[in-house]
Amino acid sequence: LAEDYANYAADIAAAGQHLLALVEDLTDLEVVEADDFSTAPDHIDLADVARQAAGILGVRAREKRIAIDAPRAGESLPAIAEFRRVLQVLINLVTNAIRYSPEDSQVWIRLEAGDGEEDGRARVIVADQGPGLSEEDQSRVFEKFERLGRSGDGGSGLGLYISRRLARAMGGDLTVEAAPGQG
């Protein structure tokens, strides 16, 4: 194909992928807001889920020269949750970390075993070197359709809202700790 036609086809494909992502977000929104929504808890390994999320997003990270530091082989953290939904949440969090981190930076995925203070809940922490969030933005970031004033990045403003709903449906939560300039 001539270069112009190839570029046009690439634009059409990108627009189609964008529309598909929006439809998927709206479908997920309908599911998580249903009165009878529940997850299918199972025994999972959070380290394995984190490694899979890092693997799925590895190409996207490399395109921005971002290194994803995921749990090492042999590292394990058992939990009770729905594997597919935890993977969905982690993919969303790592995607956001990649999207808002500068080139030549790093994204970390860390695991913490729960203790008595946390009711024995295991935790997955996604940290990045992005611009961080003000306290005001932290209070709004999980709201439906919230994009914190961004435009043109293809996001629907539903990812973190849906992810928090999924985490809570599995007996967990999704929180943010950030400061401007500190990721």
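The values are calculated or read from the model by the stated rules, or taken from the named source; none is laboratory data. Because the structure is a prediction, the values reported are computed rather than measured. So basically every Cβ, Gly included, is an ideal-geometry build from the backbone, and we count neighbours across all protein chains shown. Only protein heavy atoms, including side chains, enter the accessible area calculation; ligands, DNA and RNA are left aside. Shrake-Rupley method; radii C 1.70, N 1.55, O 1.52, S 1.80 Å.
Please go through segment 1-28 and give me each residue that is open to solvent by less than 60 Å² (accessible area, probe 1.4 Å) and either of a type in the set (Val, Ile, Thr) or under 30 Å from ALA113 (Cα atoms) (or both), ordered by number.
Taking segment 1-28 as the starting set, the residues that turn out to be open to solvent by less than 60 Å² (accessible area, probe 1.4 Å) are 2, 6, 9-10, 13-16, 21-22, 25, 28.
Answer for segment 1-28, where residues must be open to solvent by less than 60 Å² (accessible area, probe 1.4 Å) and either of a type in the set (Val, Ile, Thr) or under 30 Å from ALA113 (Cα atoms) (or both): just ASP28.
Which of (1) in contact (Cβ under 8 Å) with a residue 24 or more places away in the chain; (2) open to solvent by less than 70 Å² (accessible area, probe 1.4 Å); (3) under 20 Å from LEU57 (Cα atoms); (4) of a type outside the set (A, V, I, L, M) does GLY157 not meet, given it meets every other one?
(1)
Could you figure out which of (1) of a type outside the set (A, V, I, L, M, F, W, C); (2) open to solvent by less than 90 Å² (accessible area, probe 1.4 Å); (3) free of Cβ contacts under 8 Å to residues at least 40 places away in the same chain; (4) under 24 Å from GLY157 (Cα atoms) isn't true of ASP36?
(2)
Is there a residue in segment 6-25 that is in contact (Cβ under 8 Å) with a residue 60 or more places away in the chain and assigned to a loop (DSSP other than H, G, I, E, B)?
Among the residues of segment 6-25, not one is in contact (Cβ under 8 Å) with a residue 60 or more places away in the chain and assigned to a loop (DSSP other than H, G, I, E, B), which makes the answer no.
Cβ-Cβ under 9 Å, sequence separation 6+ or interchain: first residue in segment 84-110 and within 19 Å of GLU177 (Cβ to Cβ) and in contact (Cβ under 8 Å) with a residue 60 or more places away in the chain, partner among the hydroxyl-bearing types (Ser, Thr, Tyr) and surrounded by 18 or more Cβ atoms within 10 Å (Cβ to Cβ). Which pairs?
Once the first residue is within 19 Å of GLU177 (Cβ to Cβ) and in contact (Cβ under 8 Å) with a residue 60 or more places away in the chain and sits in segment 84-110, its partners that are among the hydroxyl-bearing types (Ser, Thr, Tyr) and surrounded by 18 or more Cβ atoms within 10 Å (Cβ to Cβ) give VAL89/SER163; ASN92/SER163; LEU93/SER163.
Of all residues in segment 44-60 being over 13 Å from the mean Cα position of the chain (by Cα) and among the small types (Gly, Ala, Ser), which is surrounded by the most Cβ atoms within 10 Å (Cβ to Cβ)?
Residue satisfying both the conditions and the ranking: ALA47.
Mind counting the residues in segment 157-171 that are closer than 9 Å to PHE142 by Cα and either part of a helix (DSSP H, G or I) or of a type in the set (Lys, Arg) (or both)?
Going through segment 157-171 one residue at a time, the tally reaches 6.
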